[in-house]
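Asker: Okay, handing you the structure first.
None of the figures in this text is laboratory data; all of them are computed from the coordinates on show. Here the structure is a predicted model, which is why all the values come from computation and not from measurement. We place every Cβ from the backbone using ideal geometry, glycine too, and count neighbours over all the protein chains shown.
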Amino acid sequence: MNDVSASFPVSREHVHAFRRTIFSPERTYRLAADGLQWRDDGAAGAVAYGDIVAVDEYKSKVWGALAAELPRRFDYVLYCRDGARIFLNSTHVVRFRVAENRAASCMAFVTELKARIAAANPNVKVFNKLSWSYRLAMAAGRAWYSVGHLLFKLIRRLDIDRTANFAGWALRRIGPRLRGHRTARLNLTAAYPDKSAAEIERILAGMWDNVGRLGVEYVNLDRLIGPDPNAGRMIVPDKTLQTLVRLRDDGRPSVFFTSHLATYEVGAIWGKRNGLDLAILYNALDFGPLSEELLAMRRQCMGRLIASGPDLPWKVREAMKEGLHLTLFVDRHQHQGVEVTFFGRRCKANPIAARFARLFECPVHGFRAVRLPDNRIAIEFTDDIQMPRGPDGKIDVAAGTQTITDVVEGWIRERPEQWLWLQRRWR
């Protein structure tokens, strides 16, 4: 290890800076021609690439608010010939319990650094390890997955209605003590600035009741609808059934959008049971071993599922060419979506519904589930949505996405207690 007193050049190609703890200064690392250099407020140093004899790569668990953005991180420890160690972290500690994601610069920096070390020292040892926090998180996850799987089996043995009633009652009492309650309250207060605190709490209680019932219904998706899909617990207006029959039999594709209202998955099941061929977009489940069972159940009772991924547009296009009806949620945050106004606030929305409606010049319909007393569920289709068009006569994707968002907002305003206010819709 050699002290370096000279200043760094003004610009470098590979740079990574971070603060490891609240007690340490922010340190900037740079890749020079002959070695790794660093500097902070109090000192500077350098080590030749050939003097780095080992690199440990640790997969670590991210805690706190940053976990939603960065569920895991990779940290590095460099071992030098003189016994010194150099730490490179992918998160920057801003203050106590507040961290910043710097994984992108860290990964690019370390990739180049390892290449230079290997060129200077072909005998360098590289190890991939799991940190104690990650091993602990994995063990806890396995335990939770096991408990969840047992609970899944138990709930499927019980009466659906009685269990849903109990779950709704229990979540009304437990939900307000959970971390997501604060997020839901903030969302509701921003969406309804004129509502009193008492009214906000009433809606939140109804939301938790809905969440409890939804959990029971979700593990019984294949059993919610009886032999007659338009009877029993299902309440289907004649207009909705007529719309479904028309779309089912016209031989053309269409676009359906829905939202996380009430028992939101049941609409796709009801459509399939009435002969409507759907291509359903979904995000992969993250429930450990239980994920495969839930996915198999959804495939069996819903139809063709298309997972999110880089090839999604091509799969959707092929499905619609076959005459299938694209079905997707439109009330979640979409990082690369288009800007829309939702409850008077700007946010990003998924434009894929409007894009494929434009591509295929096909009808666009919304459908929703409505929770009714005595565990009944109503399925409602909208009329054909009149999508706004641009000067070229084709559907305007941005304006069309706003039109769809307006429909969803109207649904939520009718029954705000049946929507999942827990999600971070506005960012």
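Asker: Find the eigenvalues of the gyration tensor of the Cα atoms of the chain, then list the square roots of 5 times those eigenvalues as equivalent ellipsoid semi-axes, largest first, in whole angstrom. Before the final figure, lay out each step's value.
Answerer: Values: eigenvalues 484, 133, 98 Å².
For the chain, the ellipsoid semi-axes come out as 49, 26, 22 Å.
Asker: In addition: Considering only DSSP states other than H, G, I, E and B, which trypsin sites (Lys or Arg not before Pro) in segment 299-386 qualify as loop sites with at most 13 other Cβ atoms within 10 Å?
Answerer: Here no trypsin sites (Lys or Arg not before Pro) fit, given the DSSP loop and packing criteria.
Asker: Setting aside same-chain residues fewer than 8 positions from Lys125, which lysines have a Cα under 30 Å from its Cα?
Answerer: Within the straight-line cut-off, Lys125 pairs with Lys59, Lys61, Lys114.
Asker: Enumerate the residues in segment 92-108 having an amide nitrogen under 13 Å from the point lying 7 Å beyond the Cα of Trp63 toward its Cβ.
Answerer: Answer for segment 92-108: 96-99.
Asker: Suppose every Lys and Arg Cβ carries +1 and every Asp and Glu Cβ carries -1, with no other charges. What dipole size does the chain come out with about its Cα centre, to the nearest 20 debye?
Answerer: With Lys and Arg at +1 and Asp and Glu at -1, about 980 debye.
Asker: Once Lys and Arg get +1 and Asp and Glu get -1 on their Cβ, which of Tyr218, Thr403, Ile280 lies farthest toward the positive end of the dipole of segment 136-427?
Answerer: Checked the options; the winner is Tyr218.
Asker: Where the eigenvalues come from the Cα gyration tensor of segment 283-410, what are the semi-axes √(5λ) of the equivalent ellipsoid, largest first, in whole Å?
Answerer: With the √(5λ) rule applied to segment 283-410, the semi-axes are 26, 20, 16 Å.
Asker: Helix hunt in the chain: which complete DSSP H runs extend at least 30 Å axially by C-alpha with mean Kyte-Doolittle at least -1.0?
Answerer: Membrane-span-like by this criterion, though nothing is claimed about a membrane: 132-157, 197-218.
Asker: When the chain is treated as a GNM, springs tying every alpha-carbon pair under 10 Å, which of Ala319, Ala137, Ala33 comes out with the largest mean-square fluctuation?
Answerer: Comparing Ala319, Ala137, Ala33 in the GNM, the peak value goes to Ala33.
Asker: Right, something else. Can you pull the one-decimal nm distance between simple spin-label points at Arg413 and Arg177, each 7 Å off the Cα toward Cβ?
Answerer: Here the answer is 3.7 nm between the modelled labels.
Asker: Then there's this: Out of the DSSP beta bridges found with both residues in the chain, what percent are antiparallel (nearest 5)?
Answerer: The antiparallel proportion sits near 65 percent.
Asker: Report relative contact order for segment 53-193 in percent, whole number only (criteria: Cα-Cα under 8 Å, sequence separation at least 6).
Answerer: 23 percent
Asker: Kindly state, to the nearest 0.05, the FRET efficiency for Arg142 paired with Arg72, given R0 = 22 Å and r defined as their beta-carbon distance.
Answerer: According to the calculation, E is roughly 0.90.
Asker: Helix-only mean residue ellipticity at 222 nm, the chain, DSSP H runs n ≥ 4 weighted -39,500 (n - 2.57), per residue, nearest 500. What is it?
Answerer: After summing the helix terms and dividing by residue count, I get -12500 deg cm²/dmol.
Asker: Counting only GluC sites (Glu not before Pro) that are in a DSSP loop and have at most 15 other C-beta atoms within 10 Å, tell me the longest site-free stretch of the chain.
Answerer: That would be 70-321.
Asker: Further question on the same structure: Ranked highest first by the average count of other Cβ atoms within 10 Å around their residues, in what order do 37-47, 84-94 fall? Before the final figure, lay out the partial values.
Answerer: Working: 37-47: 15.5, 84-94: 17.5.
Top to bottom by mean Cβ count within 10 Å: 84-94, 37-47.
Asker: Based on the alpha-carbon set only, what is the convex hull volume of segment 370-416 divided per residue, in Å³?
Answerer: About 75 Å³ per residue, rounded to a whole number.
Asker: Starting from the Cα of Arg162, move 7 Å in the Cα-to-Cβ direction to define the label point; list residues of segment 368-398 whose amide nitrogen is under 19 Å from there.
Answerer: It comes to 374-376, nothing else.
Asker: Taking the C-alpha atoms of segment 2-130, how large are the radius of gyration and the largest Cα-Cα span, Dmax, in Å?
Answerer: Values for segment 2-130 (Cα only, Rg and Dmax): 14.6, 41 Å.
Asker: While we're looking at this one, here's another question. Per 0.36 nm of contour for each residue apart, how much would the distance between Asp374 and Ala231 grow if the chain were fully extended, relative to their Cα-Cα spacing? Working shown, then result.
Answerer: Details: separation 143, 0.36 × 143 = 51.48 nm, distance 1.40 nm.
Computed gain between Asp374 and Ala231 is 50.1 nm.
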